[in-house]
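The values are calculated or read from the model by the stated rules, or taken from the named source; none is laboratory data. All of these numbers come straight from a predicted model, not from anything done at the bench. The protein model used for the area step is the full one, side chains on, heavy atoms only, and it has no ligands, DNA or RNA in it. Shrake-Rupley method; radii C 1.70, N 1.55, O 1.52, S 1.80 Å.
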Amino acid sequence: MAGDLPLILSTRSYGAEADSHSHAGHHQLILPLRGRLELEVGGRGGRVDGVTGAIITAGERHSFRAGGDNAFLVLDLPLGDAAGEDLEALWERAQREVFFLLDPALHHCREFLALELAHGDSALLAGSARLLLLALARRLLGEREPQPPVRLRRALAFLQAELHRPLSVAEVAEAACLSSGHLHHMFQRWLARTPMDYLHELRLERAQRLLADSELPIAAIAQSCGFADQSALTRALRRRHGITPAQYRRRCRAQSAPKNAQS
């Protein structure tokens, strides 16, 4: 049955060397986790970053590259998927406008999916991804969204690059050529959180990836992600997941063990 075709959700990183290809059998949704992905689709250039996503329709040739530390949430929807019938207008729009703004609701959907992808139930995840697509269609097929300010992009890039060290709102504002008050207003308007809340989330997300994917000592991970010490990371992870960094690392490895055994 068409509805049984696999919807594939994954996290992916891209290299600095430019590459290009097309997907004959599926549409693709790309959401930012960290870093910036430069894209050219059908002669239209743009980027996926902290406030922008992209939809690439089946058969559309596209070029891409992303230097430095980067990760993106990628959803592949096969052409025969039953949900596709409800999304035809979204694919038609994407042929004209590849890039779209992530409003606060879409930011929260992205974060939920990223966490569920790492540690959730695969059946539930597929249903959640379809709901995200339908919500995105309603959002994009309504009123045309405004473009995120260039200075907000500067602030997000600065936070990504400097999260390993202590930062103040004033320092972030200066890097973005804004006053502290204007920076705060801009973050609340576009991301529904304060600059420091966003920075804290970036630090914790990077720490979680390092705990899951590296052999670095927990204290070194805390330092590299901008936490004052290992205790600060422990408090943050307990608030988010109710477990310590060591427990989080063990859980990630236990969940990845069956996949490794099958490969």
> In what order, largest first, do 27, 241, 108 sit by accessible area if the probe radius is 1.4 Å?
Replying inline: 108, 241, 27
>> Which of 233, 216, 102 ends up with the largest GNM mean-square fluctuation for the chain, with Cα atoms connected below 10 Å?
In response: 216
> For 101, 117, what's the largest-to-smallest order of accessible area, 1.4 Å probe?
Replying inline: 117, 101
>> With a 10 Å cut-off between alpha carbons and a GNM built on the chain, which of 215, 38, 201 moves the most?
In response: 215
> Taking the radius of gyration and the Kirkwood hydrodynamic radius from Cα positions alone, what is the Rg/Rh ratio for region 151-196, to two decimal places?
Replying inline: 0.91
>> What figure, in Å² to the nearest 10, do you get for the accessible area of residue 55 with a 1.4 Å probe and non-protein molecules left out?
In response: 10 Å²
> So what is the 222 nm mean residue ellipticity for the chain from helices alone, if each DSSP H run of at least 4 adds -39500 (n - 2.57) and you divide by all residues, rounding to the nearest 500 deg cm²/dmol?
Replying inline: -16000 deg cm²/dmol
>> So, taking all protein chains as they sit and a 1.4 Å probe, how much accessible area belongs to residue 64, in Å² rounded to tens?
In response: 30 Å²
> Within the accessible area of the chain, what % is carbon and sulfur when the probe is 1.4 Å and the other protein chains stay in place?
Replying inline: 53 percent
>> Over the chain, with the other protein chains present, what is the accessible area per residue in square angstrom, probe 1.4 angstrom?
In response: 49 Å²
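Provide 186, 196 ordered by accessible surface of protein heavy atoms (probe 1.4 Å), highest first.
The ordering from most to least exposed comes out as 196, 186.
Counting pairs of alpha carbon atoms under 8 Å apart in space and at least six apart in sequence, what relative contact order in percent does the chain give?
Working: 381 pairs, mean separation 40.0, N = 263.
It comes to 15 percent, rounded to a whole number.
Can you run the Rg to Rh ratio on region 23-67? Use alpha carbon positions and the Kirkwood inverse-distance Rh. Intermediate results must be reported in sequence, preceding the final value.
Numbers: Rg = 10.3 Å, Rh = 10.8 Å.
Over the Cα atoms of region 23-67, Rg/Rh equals 0.95.
Mind checking the alpha-carbon convex hull of the chain and giving the volume per residue in Å³? Intermediate results must be reported in sequence, preceding the final value.
On the way: hull volume 36.4 nm³, N = 263.
Residue-normalised Cα hull volume stands at 138 Å³.
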>> If I build a Gaussian network model for the chain, linking alpha-carbon pairs within less than 10 angstrom, which residue out of 114, 192, 16 has the largest mean-square fluctuation?
In response: 16
